[in-house]
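The values are calculated or read from the model by the stated rules, or taken from the named source; none is laboratory data. This one's a predicted model, so the numbers in the text were calculated from it and none came from an experiment. All Cβ positions, glycine included, derive from the backbone under ideal geometry; neighbour counts span all protein chains shown.
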Amino acid sequence: MFEYSITYVKKLTNSKGASLRGHCDVKPFRLSAELLIDYYSKGNDGLIAHEVEHYIQHLKTLTMLPFLYKLSKKFRLWAEIAAYKKQLEYSTDKEEDEFEFAVYLSRCYDLDISSLDAYNILTG
Ligand SMILES: [Zn+2]
């Protein structure tokens, strides 16, 4: 089935223990997704739109998102830029969020890009 559910989690971390605000939990060959959202980010529609965008990417890649995301920095950059662009559509302070997301992109995804490069890609 094409469907996703949203689960609010009190302490959301990645495999390395770093805290996360949202995560799109998908599996290869599975069409459904569970969007995990930090409990304190409840009501953050932009964050949910970001994770829904990853779900759409999962469907567009014929459920290969987990492999592509893990194996290719180029794919990961493309996926996160698209998700943050979607999130910016819900922003109430676009300029500030563009800077903040650029910093996340340069620091949190092992992409080997500077904040400035991330900012230029995000806003370009
Ligand atoms: Zn993302």
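Structure data summary
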{"read-out": "Which listed residue is closer than 28 Å to GLY124 by Cβ, surrounded by 13 or more Cβ atoms within 10 Å (Cβ to Cβ) and not aromatic (Phe, Trp, Tyr), from LYS74, LYS86, LYS70", "value": "LYS86"}
{"read-out": "Members of the stretch 36-69 found to be outside any helix (DSSP H, G or I) and touching a Leu at 6+ places or on another chain (Cβ under 9 Å), listed by number", "value": "LEU36, ILE37, ASP38, THR61, THR63"}
{"read-out": "GLU34 vs. criteria of a type in the set (Asp, Glu) and within 12 Å of the ligand (Cβ to nearest atom)", "value": "no"}
{"read-out": "Near pairs, Cβ below 7 angstrom, 6+ apart or cross-chain, from the stretch 50-78 (more than 13 Å from the ligand (Cβ to nearest atom)) to any residue that is polar (S, T, N, Q) and assigned to a helix (DSSP H, G or I)", "value": "none"}
{"read-out": "Residue under evaluation TYR55, criteria (1) under 21 Å from TYR84 (Cβ atoms); (2) aromatic (Phe, Trp, Tyr); (3) modelled with pLDDT under 95, criterion not met", "value": "(3)"}
{"read-out": "Pairs where the first residue, in the stretch 15-41, is touching a residue at least 24 places away in the same chain (Cβ under 8 Å) and the second is among the small types (Gly, Ala, Ser) and assigned to a strand (DSSP E or B), C-beta under 6 Å, 6+ apart", "value": "CYS24/ALA33; VAL26/ALA33; GLU34/SER5; ILE37/GLY22"}
{"read-out": "Near pairs, Cβ below 9 angstrom, 6+ apart or cross-chain, from the stretch 83-110 (modelled with pLDDT of 95 or more and of a type in the set (A, V, I, L, M)) to any residue that is in a loop (DSSP other than H, G, I, E, B) and surrounded by 15 or more Cβ atoms within 10 Å (Cβ to Cβ)", "value": "LEU105/LEU111; LEU105/ILE113"}
{"read-out": "Qualifying residue in the stretch 64-74 (condition: among the hydrophobic types (A, V, I, L, M, F, W, C) and in contact with a Cys (Cβ under 9 Å, 6 or more places away or on another chain))", "value": "yes"}
{"read-out": "Selected residue (only one of GLU34, GLU51 is in contact with a His (Cβ under 8 Å, 6 or more places away or on another chain) and among the acidic types (Asp, Glu))", "value": "GLU51"}
{"read-out": "Selection within the stretch 1-24 - within 12 Å of the ligand (Cβ to nearest atom) and of a type outside the set (A, V, I, L, M, F, W, C)", "value": "ASN14, ARG21, GLY22, HIS23"}
{"read-out": "Test: residue in the stretch 69-76 that is more than 18 Å from ASP25 (Cα to Cα) and among the hydrophobic types (A, V, I, L, M, F, W, C)", "value": "no"}
